[in-house]
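The values are calculated or read from the model by the stated rules, or taken from the named source; none is laboratory data. Small disclaimer: the values here were computed from a predicted structure and weren't measured. We place every Cβ from the backbone using ideal geometry, glycine too, and count neighbours over all the protein chains shown. Keep in mind that these areas ignore ligands, DNA and RNA; they rest on the heavy atoms of the full protein, side chains included. Shrake-Rupley method; radii C 1.70, N 1.55, O 1.52, S 1.80 Å.
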Amino acid sequence: MALEIDRVTKRFGAFPAVQSVSLIVAPGEFLALLGPSGSGKTTLLRVVGGLDVPEEGQLRFDAQDMTLTPARERRVGFVFQNYALFRHMTVAQNIAFGLDVRPSSTRPPAREIKRRVQALLARMQLEDMGARYPSQLSGGQRQRVALARALAIEPRILLLDEPFGALDAKVRKGLRQWLRTLHDEMKLTTIMVTHDQEEALALADRVAIMNAGRIEQVGTARELRETPATPFVRDFLDDTPSHAQGSGI
Amino acid sequence: MTASPPRKEFHPPTRESFATRVVLVSVAVLYISLFLFTPLIAVFTEGFRNGVDAFLNAIVEKDALAAVKLTFIVAGIAVPLNSLFGLAAAWAIAKHDFKGKSLLITLIDLPFSVSPVISGLVYVLLFGAHGFLGPTLDALGIKIIFTTAGLVLATMFVTFPFVARELIPLMQEQGVSEEEAAISLGASGWQTFWNVTLPNVRWALLYGVLLCNARAMGEFGAVSVVSGHIRGLTNTMPLHVEILYNEYNFAAAFAVASLLALLALVTLVLKSALEWHYGEEIAASHRH
Ligand SMILES: Nc1ncnc2c1ncn2[C@@H]1O[C@H](COP(=O)(O)OP(=O)(O)OP(=O)(O)O)[C@@H](O)[C@H]1O
Ligand SMILES: [Mg+2]
């Protein structure tokens, strides 16, 4: 699906968390949203997902205006920074939720739902975890359940808010490649928020650099490195954390 | 002064010496036995003083039965309504932002800070024959004071905070992220409430309902003012106990009182069971 964000502004009181941001994501693209803490990355994702309504600007899915469409009608797969798994539901129930709540006219039959949940569990390498509760999972497993739950509704676009934020560096690297493969095989359109520029540059087709509510530059890893558009982008990409530099090759 | 070389065994800084602990624990146990268990036992022994038959007779006596029935009717109306309103208020306060929220929180706590007798008097002032709304209601043929309706209203007022106060801190702690996840997965507001919000607080809700019920059945002050003490008609169990006692009918008074004590014991057991099994799910508030 093609996503167009057109001069979108979102304020909290007088404070503009997202300020006149424009961005186009092509169908099948994997875009990383990179920026310092508080730069408005989560807010931008929430606007796309319909959890926050922008004061200005327009949002289009495949050229169709979605600015005021309620979140529940957008079919956006949202993986939250803290996973937000339903704590009183099993893993299988979590994944089935988006299908279970559909009106009976569009809900797949129970057997079909079960089959899809099984397929997603297998895909996420969680075959034996279906009956567990979120509290009985490791961080990486929770992250994959949240992803499976979002994918179950066959989202038009997948929004990942720091999907690896709570995981250690080693697990992150393993999951990273796995996520990219998943994106390619399922032909998803994905926006991923991250703090970690090495991750963003290694994984995404293009990277958008955010600062203080604005997008400073969008481009491939190479474009950003070779022709930074603003001093901020240059400085931001310059001070790569040492651990990332060492392992980036 | 601190950390002199020949150290004794490790001593956690918050741990008192053995002797201090023994003394403190003994004092606590003694105090509890004196002020809680002794009266409880006294209630039952007094109730059974004239034998089991006398006890049973006192309970199946016409007015006593009417009082038991009325207590169940009043609690049966007040508790479900308060559970519903309490749940709605907690949901609004914990999951949403709106103007006047802190005022609402203050109002919810009001019944706890006002003496129940005053609450009852306010109802008389409002709905009584000489009250503000009295003549209007009279013209409409509606009677509130000295009727079951008045008892229900007074009980509802006094017991309103229990469910809401139990739920608000827990719901606030849980935040709205699961609700947001549900909505972005396509759930409607109602589906979200029913499948996500409510199950996450079910045990705390039950806990609040339990406390609310115990208070509703045992409430004396507020209902005493609006009841008018009409035997067999507007007497709840606590009021009936008082009447019997004032008539020097001690055995009967204690027999009915032991029913109330039994209720308290059952509540206590259920409450402890809930705390034991689901402590974490109701943990946000243990202030009662
Ligand atoms: N509900 C809110 N009310 C008021 N201000 C908010 C709210 N949500 C976010 N903000 C503010 O908006 C700005 C952007 O927040 P946002 O969560 O989008 O940042 P972020 O880039 O996702 O940061 P992080 O990397 O730390 O997650 C911050 O300054 C934040 O304080
Ligand atoms: Mg964020």
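As a test of the definition: which semi-axes, in Å, follow for segment B:52-287 when you take the square root of five times each eigenvalue of its alpha carbon gyration tensor? Largest first, please. Don't skip to the end; give the middle numbers.
Numbers: eigenvalues 263, 112, 38 Å².
Computed over segment B:52-287, the values are 36, 24, 14 Å.
When a/c reaches 1.5 or more, the comparison of a/b and b/c decides; with that in mind, is segment B:91-201 rounded, prolate or oblate per its Cα gyration tensor?
Working: a/c = 3.12, a/b = 2.34, b/c = 1.33.
It is prolate, given that a/c is not under 1.5 and a/b is the larger ratio.
Determine the relative contact order of segment B:165-258: mean sequence separation of Cα pairs under 8 Å and six or more apart, normalised by residue count, in whole percent. Working shown, then result.
Working: 48 pairs, mean separation 18.2, N = 94.
The normalised contact order for segment B:165-258 reaches 19 percent.
Using only the Cα atoms of chain A, build the gyration tensor, take square roots of its eigenvalues as a ≥ b ≥ c, and label the shape rounded, prolate or oblate: rounded if a/c is under 1.5, else prolate if a/b is larger than b/c, else oblate.
Verdict is oblate for chain A.
Please compute the modelled spin-label separation between residue A:11 and residue A:105, points set 7 Å along Cα→Cβ, answer in nm with one decimal.
It works out to 4.0 nm between the two label points.
Using a Förster distance of 60 angstrom, determine the FRET efficiency expected from the C-beta separation of residue A:114 and residue B:23, and round it to 0.05. Write down the numbers at each step before the final one.
Values: r = 63 Å, r/R0 = 1.05.
Once rounded, the FRET efficiency stands at 0.45.
Could you give each residue of segment B:93-99 its phi-based ³J(HN,Hα) in whole Hz, using Karplus coefficients 6.51, -1.76, 1.60 with θ = phi - 60°, and x for Gly or Pro?
Coupling constants for segment B:93-99: 6, 7, 10, 9, 10, 8, 5 Hz.
How high is the relative contact order of chain B, in percent, with contacts defined as C-alpha pairs under 8 Å that are six or more residues apart? Mind showing how you got there, number by number?
Working: 320 pairs, mean separation 85.3, N = 288.
With pairs under 8 Å counted, the relative contact order is 30 percent.
Which sequence of B:83, B:113 reflects their accessible areas, 1.4 Å probe, from the largest down? Let's see the in-between values first.
Details: B:83 20, B:113 90 Å².
From most accessible down to least: B:113, B:83.
I'd like the FRET efficiency for residue A:131 and residue B:230, computed as 1/(1 + (r/R0)^6) with the beta carbon distance as r and R0 of 45 Å, rounded to 0.05.
Working: r = 59 Å, r/R0 = 1.30.
Plugging the Cβ-Cβ distance into 1/(1 + (r/R0)^6) gives 0.15.
Give the Cα extents of segment A:15-57 along the principal axes, in whole Å, largest first.
Largest to smallest, the principal-axis extents are 33, 23, 18 Å.
What distance in nm lies between label points placed 7 Å from Cα along the C-beta direction at residue B:42 and residue B:276?
Each label point is offset 7 Å from its Cα along the Cβ direction, giving 3.0 nm.
Would you please classify the overall shape of segment A:64-169 from the alpha carbon gyration tensor, given that a ≥ b ≥ c denote the square roots of the eigenvalues, rounded means a/c under 1.5, and beyond that prolate means a/b larger than b/c while oblate covers the rest?
Working: a/c = 2.04, a/b = 1.17, b/c = 1.74.
It comes out oblate by the Cα gyration axes.
Roughly how many percent of the accessible protein surface of chain A is carbon and sulfur, given a 1.4 Å probe and a whole-percent answer?
50 percent
Given a 1.4 angstrom probe, what's the average accessible area per residue across the protein assembly as shown, in square angstrom? It would help to have the intermediate numbers written out before the result.
Working: 27610 Å² over 537 residues.
Each residue of the protein assembly as shown exposes 51 Å² on average to a 1.4 Å probe.
Report, largest value first, the span of the C-alpha coordinates of segment B:151-254 along each principal axis, in whole Å.
Principal-axis extents of segment B:151-254 (Cα, largest first): 66, 21, 17 Å.
As a test, work out the antiparallel percent of DSSP beta bridges whose residues both lie in the protein assembly as shown, rounded to the nearest 5. Present the calculation step by step, with values, prior to reporting the outcome.
Numbers: 19 of 36 bridges.
Roughly 55 percent of the beta bridges in the protein assembly as shown run antiparallel, per DSSP.
For the B and A pair, go ahead and give the buried accessible area with a 1.4 Å probe, both sides summed, in Å² to 100. Write out the running numbers ahead of the final one.
Values: alone 17170 and 12150 Å², together 27610 Å².
Approximately 1700 Å², summed over both chains.
Mind listing the Cα extents of the protein assembly as shown along all three principal axes, in Å, largest one first?
That gives 98, 82, 50 Å along the principal axes, largest extent first.
Describe numerically, in nm with one decimal, the distance between label points set 7 Å from Cα along Cα→Cβ at residue A:205 and at residue B:50.
Calculated label separation equals 9.1 nm.
So what is the 222 nm mean residue ellipticity for the protein assembly as shown from helices alone, if each DSSP H run of at least 4 adds -39500 (n - 2.57) and you divide by all residues, rounding to the nearest 500 deg cm²/dmol?
-17000 deg cm²/dmol
Find me the longest stretch of chain B that has none of the exposed chymotrypsin sites (Phe, Trp or Tyr not before Pro), where exposed means in a DSSP loop (not H, G, I, E or B) with at most 11 other Cβ atoms within 10 Å.
Longest run free of exposed loop sites: B:133-247.
Estimate the FRET efficiency between residue A:170 and residue A:37 by the formula 1/(1 + (r/R0)^6), using the beta-carbon distance for r and 35 Å for R0, to the nearest 0.05.
Numbers: r = 23 Å, r/R0 = 0.66.
Once the sixth-power term is evaluated, E becomes 0.90.
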